1. Residue by residue through segment 5-10, what is 3J(HN,Hα) from phi via Karplus (6.51 cos²θ - 1.76 cosθ + 1.60, θ = phi - 60°)? Round to whole Hz and write x for glycine and proline.
2. Please find, in a Gaussian network model of the chain (springs between Cα atoms separated by less than 10 Å), the residue of GLU80, GLU53, GLU44 whose mean-square fluctuation is greatest.
3. For a test of the definition: using alpha carbon positions, the gyration tensor, and the 1.5 limit on a/c, classify the chain as rounded, prolate or oblate.
4. For a test of understanding, tell me how many lysine pairs in the chain have Cα atoms under 13 Å apart, given they are 8 or more places apart or on different chains.
5. Normalising by the residue count of the chain, find the relative contact order in percent from Cα pairs under 8 Å and 6+ residues apart.
6. What are the ³J(HN,Hα) couplings of segment 20-28, residue after residue, when phi is run through the Karplus curve with 6.51, -1.76, 1.60 and θ = phi - 60°? Round to Hz, x for glycine and proline.
7. Rounded to the nearest 10 degrees, what's the angle between the helix 60-90 long axis and the longest principal axis of the chain, both from Cα atoms, 0 to 90?
Amino acid sequence: MKSSFELAMERLGAGKPSRPLSAAQKAEIADLESLYKSRVAQREIAFQGELAETRASGDQAVLDTVRAQFLHDKRKLEEELEAKKERVRNG
């Protein structure tokens, strides 16, 4: 009898045939991850500046908007990265 973990792992792998990545694909994915890591870091630095300015003004609504915008931007960058990595994997 299989454990629930084994069954879950089978379901995850059932839809996609697993094929190994070439060295070039691995390098391209590593480059993409590095690029997007730096983009997220840049956005985080800008966010920290905006956050400091907003806190100084004391406007909670604007503070919430700044936080929401940062999370949206970060999520968008992560989605872009995953889409590009998937294109590389699919060749």
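1. With coefficients 6.51, -1.76 and 1.60, one gets 5, 5, 5, 5, 5, 5 Hz.
2. Judging by the Gaussian network model, the answer is GLU53.
3. oblate
4. Within the chain, the lysine pair count is 5.
5. 39
6. After applying 6.51 cos²θ - 1.76 cosθ + 1.60, I find x, 7, 6, 4, 5, 5, 4, 5, 5 Hz.
7. 20
Values quoted throughout were computed directly from the atomic coordinates according to the rules given, and no laboratory measurement underlies them. This is a predicted model, so every value here is computed, not measured.
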